[in-house]
Amino acid sequence: MLDDFQNVLSVSLSIGEVFENLVVSLICGLLISLFYRLTYRGPGMSYSFINSLIVLSLITSVVIMVIGNNLARAFGLVG
């Protein structure tokens, strides 16, 4: 039983998986920002908001990779 518990805590991602997750996240962020840019009809477009959409997708991807399926890490990250 303790061996199973240690296996849950030692789940790690390879460099390839991390790179793949970041690339997919970047593509999703670019698509979301492109869609926002094409459909926004307001008075002035904020390019810093468009950049924030892309960076936010990358940060979210990194946080999800760090947390994984560990509930203790999730609560520890929140506070």
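The values are calculated or read from the model by the stated rules, or taken from the named source; none is laboratory data. No experiment lies behind these values; they were computed from the predicted model shown. No Cβ is skipped: glycine too gets one built from the backbone with ideal geometry, and neighbour counts run over all protein chains shown.
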Practice item. Being among the small types (Gly, Ala, Ser) and part of a helix (DSSP H, G or I) is the filter; apply it to the range 20-52 and report the residue that is nearest to Ile64 (Cα to Cα). Key: Ser25
Practice item. Scan Leu58, Leu30, Leu26 and give me the residue that is under 19 Å from Leu77 (Cα atoms), at pLDDT 95 or above and in contact with a helix residue (DSSP H, G or I) (Cβ under 7 Å, 6 or more places away or on another chain). Key: Leu58
Study note, to complete from the structure: When the range 50-79 is checked residue by residue, the ones that are surrounded by 12 or more Cβ atoms within 10 Å (Cβ to Cβ), of a type outside the set (Gly, Ala, Ser) and more than 15 Å from Leu22 (Cβ to Cβ) are Ile50, Asn51, Leu53, Ile67, Asn70, Arg73
